[in-house]
Amino acid sequence: MQKDNLGIPLEDIRSKFDLVLEGHEVLRSEIRELARKTDERFNLVDLKIDTLNKKIDEVDEKLGKKIDAVAADLSAHRADTEAHHGVYRVNPTNRMLQKSSTTFCNDELAEMNSASSHN
């Protein structure tokens, strides 16, 4: 009789243990699926970052070339301006254009230009 009484609780414990094992297997499966989805997302993010880095490098290269071209143009302009230093000069303090020893302000230059275009 004691064996019968012990058999019922053992079967009950086994069925509960099987439920726990089944629950663990479901959790493992869900964890694996979550890890797979996370890996896919990280791979996508890595791809996007690599693409953006390439675009940034391209823009950096293009801007570098443009800046170099502007610097070269500015250098050539400065050299040309310095070559004609005795003819025209802008005084940085009062922003007037000076020709030889004569000084003209911007309004006077505009009047001179319009008068010369009428002649």
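In a fully extended conformation the segment linking residue 19 and residue 40 would gain 4.4 nm over its present Cα-Cα distance, using 0.36 nm per residue.
Calculate, in nm to one decimal, what residue 59 and residue 47 gain on full extension: separation in residues at 0.36 nm each, minus their alpha carbon distance. Present the calculation step by step, with values, prior to reporting the outcome.
On the way: separation 12, 0.36 × 12 = 4.32 nm, distance 1.85 nm.
In short, 2.5 nm is gained.
All of the numbers you see were taken from the coordinates with simple rules; none came from a lab. Quantities reported herein were computed from a predicted structural model and do not represent experimental measurements.
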